[in-house]
Amino acid sequence: MSTPLPAAIALARRHRLQWWEALPWAAGIAAFFLFPNYLAFGTQVLVTILFALSLDLVLGYAGIVTLGHAAFFGAGGYTVGMLAMHWGWTEPLSGLAAAALVAGAIGLLSGWVVLRTHGLTLLMLTLCTMALLEQAANMFSAWTGGFDGMPGLAFKPILGQFEFDVLYFRSQYLYALAALFTCFVVVRVLVYSPFGRSLTGIRENLLRMHAVGAPVRARQVLAYAISAALAGVAGAVFVHATGYINLAVLGLERSAGVLIILILGGHGRLYGAFVGAMVYMVLEHTLSKAYPTAWQLGLGVTLMLVALYARNGILGLGERLVHRWRVR
Amino acid sequence: MSGALLETRALCKSFGALDVARGIDFRLDAGARHALIGPNGAGKTTFVNLLTGLLQPSSGCVLLHGEDVTRLAQARRVKRGIARTFQINQLFRGLTVLENVCIAVAERMGAGGGMWRPAGRRTEVVQEAARLIESLKLDADAGRRVGELPYGRQRLVEIAIALGLNPRVLLLDEPAAGIPSAESHILLDAIAALPTDIAVLIIEHDMDLVFRFARRITVLVGGAIFADGTPEEIAANREVRAVYLGSALDA
């Protein structure tokens, strides 16, 4: 065997952890100590990061554009809500597993149907999936609480030890951080695996992917189901942390919001979800305090600037700046 | 009785009123070096698309190793040994040359769906891809994104991907188009170095290349086989010269 290509060495190292990958986790733990009064908000940010991360797998890597991802967030949330409400199943960790299973199954089934299509048709069908679930949650109000949802849900302590902390949200925050970390590890392993590379291949050139003999649709459906399961976990953590659920978790607003967050942060980059959710939610939080009537204007202008001048989101802009700095 | 690797019988394809394949009977034997030529719009690419399953024929059938694969999806035919290159590059432009070839090799080895071990650590896949890249003299560009390469270099990546599938039948749709003439020998060397038992079908307009490469030539005109024979027979065929070859050969 001749000496290996430099490109092969680079490829074999690409999945290795970089020093800066510790930053978001260090920041997450630091925030726990630095902002004890903002942990409820922090928990919402963590849930949103997890939701956006699940979307990144299908949108950023597999290139499946969806406006219905809240369907799976809602499916996960309603799973733990209904289990708690009707069967007294309030143990949180098994609830997360149940939420992942249910949301994943819905993802598998709906993905199997809608991923026969592409482009705008697919976009419409993802919307329809979500609308169907939303209507179902509205109609079967004996099970779901209908429009009002299910308020005042209580869950058992995490691992039988840590009570959900209704005043300071300390255990909720750490719980959400742990769930995010676990799911992140799953997604990170996936995107660097051959499966993840083949998703990128499907995004980059569908025709070629068929022509190398890849089972394209099976891969897409599987990715869609995994992503749905992760979104389901996000929804379940949301319900565990807040103790309520209503139809808003399933709506277009949430689907569109998470899409905006991912694009703002930079899709197909793993950490775009982190940056996007942080920036979006902090902006939303501070602007709505400072300008209660006109805050959406500030958010809108920011999004327009990013869309115009940072085509690959904030992370894409950062990558370009780092690249320019290194070249000099 | 026959050693035909790939065969078509009365293959027809029409788009509405337009017949692009009209009863094509064709066979490709093991070890064939076959060229498909014909004027623009003769249906050459359509024919390749029918062979690979990108298009479904209106009637007729495609046999691979004597088995009817007419209804088989593209990916399944690839698994049975048909690989192709496209007339217009179909590559993963955002990925490096090495990754492009790795994706193909991984699929061929059945490793493309693996979810655990990182792709870059599958040494058997990466080594095989690197070997192909070296054989096509692409090693200097292995770490570059395909989209950054000159078109001619991209053409070679197209071929590396097809070879990475370890085909029994290789269909090359105008492989030399866009490759600077100074580099076309890399392509020819790569084709010459292929195992002798695999069948190669090449669509090409460069008659120089066709007559150097092919041991058999089929001329397609208006979706039907117009002539078929050895290069000498085709070159001597008056009708073929009139329809197509004329100026190309006299020049």
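For the chain pair A and B, the buried solvent-accessible surface (1.4 Å probe, both sides summed) amounts to about 3100 Å². Once the chain from A:THR117 to A:ARG320 is taken as fully extended at 0.36 nm per residue, the excess over their C-alpha distance is 69.7 nm.
Panel note: the C-alpha atoms of the protein assembly as shown, placed on their principal axes, show extents of 93, 58, 45 Å (largest first). Rolling a 1.4 angstrom probe over chain B with all protein chains present gives an accessible area of which 51% lies on carbon and sulfur atoms.
Scaling against 2.2 N^0.38 Å puts the C-alpha radius of gyration of the range A:66-200 at 1.21. Listed values for the range B:179-195 are Karplus-derived 3J(HN,Hα) couplings in whole Hz (6.51 cos²θ - 1.76 cosθ + 1.60, θ = phi - 60°), namely 8, x, 4, 5, 9, 5, 5, 4, 4, 5, 4, 5, 5, 5, 7, 5, x, and x replaces Gly and Pro.
Within the range B:89-107, the residues that become at least 30 Å² less accessible when every protein chain is included than when their own chain is isolated (1.4 Å probe; DNA, RNA and ligands ignored) are B:GLN90, B:PHE92, B:LEU95, B:LEU98, B:GLU99, B:ILE103, B:GLU107.
Between amide H atoms placed 1.01 Å from N, distances below 5 Å from A:LEU67 occur with A:THR126, A:LEU127, all of them 5 or more places distant or on a separate chain.
Rolling a 1.4 angstrom probe over the protein heavy atoms with all chains in place gives the range B:87-138 an accessible area of 40 Å² per residue.
Applying Stokes-Einstein at 20 °C and 1.002 mPa s to the Kirkwood radius of the range B:177-251, computed over alpha-carbon pairs, gives a translational diffusion coefficient of 157 µm² s⁻¹. Residue order by solvent-accessible surface for A:VAL102, A:VAL166 is A:VAL166, A:VAL102, largest first, with ligands and nucleic acids left out and a 1.4 Å probe.
Is there a simple number for the mean count of other chain Cβ atoms within 10 Å of the Cβ of residues in B:109-117, and what is it? Per residue, the average neighbour count from other chains is 6.
I need the P(r) histogram for the range B:114-168: all alpha carbon pairs, bin width 10 Å from 0 out to the longest distance, whole percents. Here the calculated profile for the range B:114-168 is 21, 51, 26, 2.
Between B:MET109 and A:ALA290, the distance separating the two model label sites (each 7 Å from Cα on the Cα→Cβ line) works out to 5.4 nm.
Distance between the 7 Å Cα→Cβ label points at A:PHE147 and B:ARG80: 5.9 nm.
So, in Å, what gap is there between the alpha-carbon centers of the range A:282-328 and the range A:175-245? Centre-to-centre distance over Cα atoms comes out at 26 Å. Just checking the listed ones, B:ARG76, B:ARG155, B:ARG33: in the Gaussian network model of chain B with Cα springs under 10 Å, the one fluctuating most is B:ARG76.
Residues of the range B:25-74 that become at least 10 Å² less accessible with every protein chain present than in their own chain isolated, using 1.4 Å: which are they? Buried by 10 Å² or more upon assembly, which counts only protein chains, are B:LEU54, B:GLN74. When you restrict to C-alpha pairs under 8 Å that are six or more residues apart and normalise by the size of the range A:23-251, the relative contact order lands at 43 percent.
Within the accessible surface of chain A, defined with a 1.4 Å probe on protein heavy atoms only, the carbon and sulfur portion equals 70 percent.
The A:ALA97 and B:GLU232 beta-carbon pair, evaluated with R₀ = 45 Å, returns a calculated FRET efficiency of approximately 0.05.
Placing a pseudo-label 7 Å from each Cα along the Cα-to-Cβ vector at A:ARG13 and A:ASP165 gives an inter-label distance of 4.1 nm. Surface calculation, 1.4 Å probe, protein heavy atoms: A:TRP112 sits at approximately 140 Å² accessible. 3J(HN,Hα) along the range A:75-88: 4, x, x, 5, 4, 5, x, 6, 4, 6, 5, 9, 10, x Hz, from the Karplus curve 6.51 cos²θ - 1.76 cosθ + 1.60 with θ = phi - 60°, whole Hz, x for Gly and Pro. When shorter helices are ignored and each DSSP H run of at least 4 residues is given -39500 (n - 2.57), the per-residue value for chain B at 222 nm works out to -9000 deg cm²/dmol. When the P(r) is computed for the range B:82-192, the part past 23 Å accounts for 21% of the Cα-Cα pairs. The largest accessible area among A:TYR244, A:TYR291 belongs to the first residue in A:TYR291, A:TYR244, and the rest follow in falling order (1.4 Å probe, all chains). Remark: mean inter-chain Cβ contacts per residue of B:118-131 equal 6, using a 10 Å Cβ-Cβ cutoff to other protein chain atoms. Solvent-accessible surface of the range A:23-251, taken per residue with a 1.4 Å probe and all protein chains present: 39 Å². Only the Cβ atoms of Lys and Arg (+1) and of Asp and Glu (-1) were treated as charged; on that basis the dipole of the protein assembly as shown about its Cα centre amounts to roughly 600 debye. The H on the amide N of A:GLU91, modeled in the peptide plane, is under 5 Å from the matching H of A:LYS156, each at least 5 residues off or on a different chain. Suppose only helical runs count, i.e. DSSP H with n ≥ 4. What mean residue ellipticity at 222 nm does that imply for chain A under -39500 (n - 2.57) per run, divided by all residues and rounded to the nearest 500 deg cm²/dmol? Estimated from H runs of four or more residues: -23500 deg cm²/dmol. Kirkwood radius, chain A, all distinct C-alpha pairs, inverse of mean reciprocal distance: 20.6 Å. With r defined as the distance between the Cβ atoms of A:VAL282 and A:ALA218 and R0 fixed at 45 Å, what FRET efficiency is calculated, to the nearest 0.05? After rounding, the FRET efficiency stands at 0.70. The phi torsions of the range B:21-27, fed into the Karplus equation with coefficients 6.51, -1.76 and 1.60 and a -60° offset, translate into couplings of 9, 10, x, 7, 9, 8, 9 Hz, rounded to whole numbers, with Gly and Pro shown as x. Residues B:LYS44, A:LYS156, A:LYS289, ordered by accessible area of protein heavy atoms at a 1.4 angstrom probe radius and largest first, appear as A:LYS289, A:LYS156, B:LYS44. Accessible area of A:TYR192 (1.4 Å probe, protein heavy atoms only, ligands and nucleic acids ignored): about 50 Å². In whole angstrom, the range A:234-294 maps to an equivalent ellipsoid with semi-axes of 20, 19, 12, each derived as √(5λ) from the alpha carbon gyration tensor and ordered largest first. Shielding value for B:137-145 is 3, the average number of Cβ atoms from other chains within 10 Å of each residue's Cβ.
The rule of thumb for compact globular proteins, 2.2 N^0.38 Å, goes into the C-alpha radius of gyration of the range A:1-113 1.48 times.
The values are calculated or read from the model by the stated rules, or taken from the named source; none is laboratory data. Keep in mind it's a predicted model, so treat the numbers as computed, not measured. Cβ atoms come from the backbone with ideal geometry, glycine included; neighbour counts cover every protein chain shown. Quick note on the areas: whole protein, heavy atoms, side chains included, nothing else; ligands and nucleic acids left out. Shrake-Rupley method; radii C 1.70, N 1.55, O 1.52, S 1.80 Å.
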